[in-house]
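One structure below.
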Amino acid sequence: MQPVIDVVGIGNAIVDVISSVPESFITQHDLKKGGMTLIDAERSAELYSAMPAGIQTSGGSVANTMVGVASFGGKAAYMGKVQSDRLGKIFAHDIRSTGVIFDSPYAASGPPTARCLIQVTPDAERTMNTYLGISACLCPSDIDTDTIAAARITYCEGYLWSNVEAKEAIRTAIAATKDANRIVSMTLSDSFVVKQHRSEWLNLIADNVDVLFANEDEVYALTLADDLNDVCKQIADMTHIGVITRGPKGSLVVTGKNIEEIPAVAVPKVVDLTGAGDLYAAGFLWGLCSEAPLRRCAELATLAASEVISHTGARPLIPLSQLLPEEDNHLSV
């Protein structure tokens with residue numbers, strides 16, 4: 001069967017609540033600046049009530065990536081778990097409005113829809129406090145293997161690995177992808193998640209992952225290397241394509257043959273770093289589906305990331321296809 005979907009993403013279905021706050025908000029509420037902290041329902045309610053008015057949108061790392069793929073003109077689908085509560089309905093309506101296929105049914109029972117409370121300080125740093133709710137209850141029966149088989153690439157979120165059922169859901173998706181002879185891609189999500197699951201992930205990546213996305217902190221946590229050269233060697237031995245994002249230093253694309261170094265795109269003013277890595281992955285995956293050379297995939301990825309950090313929010317404000325130069329007119333999916 002020929003693929004009819006470019007990328008299907010599997011992740012924590014989360015409603016992002018994004019507010020601009022002064023630096024004092026971080027210290028006043030004892031938040032871990034620049035990181036992602038998992039919180040319970042009570043802490044979520046406390047922070048939500050304290051935050052200024054902001055943006056509420058469907059979110060989660062992989063959901064953002066699928067929106068980016070669709071914004072380039074690709075066909076993207078998403079699998080995640082939400083309740084039929086107010087935030088769950090916001091999530092479903094919002095992600096479908098971007099052109100992403102979202103057919104996951106509402107959960108029949110369990111905790112409420114997940115939410116990520118994102119505080120953006122004047123230096124553009126984002127601090128995330130996440131209540132996972134029902135999203136972490138994703139299980140193998142939530143994976144539509146027909147959709148997996150219909151997609152060129154399956155993209156899995158590392159954050160999901162913290163729940164036993166969700167872990168099995170990812171394994172189910174990977175098995176279905178391999179059975180269909182498609183591409184498995186994965187994002188490591190966060191260095192603290194890498195440290196928790198390193199031994200499992202080393203085997204998972206070596207055996208199953210074709211395209212790996214990570215930032216510098218994450219690859220150092222995964223490889224335990226002392227320098228970047230050693231990091232790249234280990235990543236090249238581990239997976240077919242390793243993509244390492246480095247913030248203002250650009251990114252690296254690592255294969256068994258070589259290492260491509262791609263510079264960052266200058267942005268007049270960095271407003272909000274939320275979603276930078278997510279949109280980077282979107283550009284790269286869309287490039288792969290378009291059969292672009294790996295360096296061009298990374299340049300498209302950088303283009304997408306530079307757009308999203310120029311404003312508040314983890315989604316592009318204009319179709320990313322409008323940013324493509326004439327030389328990319330031949331790219332199609």
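The values are calculated or read from the model by the stated rules, or taken from the named source; none is laboratory data. Everything quoted here is computed from the prediction, not taken from an experiment. All Cβ positions, glycine included, derive from the backbone under ideal geometry; neighbour counts span all protein chains shown. In case anyone asks, the SASA skips ligands and DNA or RNA and just uses the protein heavy atoms, side chains included. Shrake-Rupley method; radii C 1.70, N 1.55, O 1.52, S 1.80 Å.
Once both labels are positioned 7 Å from their Cα atoms along Cα-to-Cβ, the gap between LEU317 and SER97 label points is 1.7 nm. Amide H contacts of LEU132: ILE39, each under 5 Å away and 5 or more positions distant or on a separate chain (H built 1.01 Å from N in the peptide plane; Pro and chain starts excluded). Taking θ as phi - 60° and the Karplus parameters 6.51, -1.76 and 1.60, the scalar couplings of region 256-271 work out to x, 9, 7, 10, 9, 9, 10, x, 6, 8, 5, 10, x, 8, 7, 9 Hz in sequence order, x denoting glycine and proline. Sorting 40-51, 189-200 by their mean Cβ neighbour count within 10 Å, with the most densely packed peptide first, gives 189-200, 40-51.
Expressed as a whole percent, the accessible area of the chain that falls on carbon and sulfur atoms is 51 (1.4 Å probe).
Listed peptides 88-98, 247-257 appear in the order 88-98, 247-257 once ranked by packing, highest mean of other Cβ atoms within 10 Å at the front. 3J(HN,Hα) couplings calculated from phi for region 55-60 with the Karplus curve 6.51 cos²θ - 1.76 cosθ + 1.60 (θ = phi - 60°) are, in sequence order, 9, 10, 8, 4, x, x Hz; Gly and Pro show x.
Would you mind checking region 2-42 for residues with the amide N under 18 Å from a putative spin-label position 7 Å along Cα→C-beta of SER49? The answer is 28-30, 39-42.
Using a probe of 1.4 angstrom and keeping all protein chains present, the accessible surface of region 1-109 works out to 43 square angstrom per residue. Heavy atoms of the protein chains alone define the surface here; on that basis region 159-272 has 47 Å² accessible area per residue at 1.4 Å probe size.
Quick one: net charge of LYS257's neighbours, Cβ under 14 Å, K/R +1, D/E -1? Summing Lys and Arg as +1 and Asp and Glu as -1 gives 0. Projecting label points 7 angstrom from Cα along Cα→Cβ for LYS195 and ASP123 puts them 2.0 nm apart. Calculated on the Cα set of region 14-133, radius of gyration then Dmax: 14.8, 43 Å. Of LYS81/LYS195; LYS178/LYS269; LYS195/LYS249; LYS167/LYS233; LYS89/LYS178; LYS33/LYS167, which pairs sit farther than 31 Å apart, going by alpha carbon to alpha carbon? As for pairs spanning more than 31 Å Cα to Cα, those are LYS178/LYS269; LYS89/LYS178.
Summing Lys and Arg as +1 and Asp and Glu as -1 over all other residues whose Cβ lies under 11 Å from the Cβ of MET128 gives a net charge of +1. Relative contact order of region 201-321, taken over Cα pairs closer than 8 Å and 6 or more residues apart, is 19 percent.
In the assembled protein chains, MET128 presents an accessible area of approximately 30 Å² (probe radius 1.4 Å). Annotation: amide H of VAL21 within the under-5 Å range of VAL120, THR121, sequence separation 5 or more or interchain, hydrogens built in the peptide plane.
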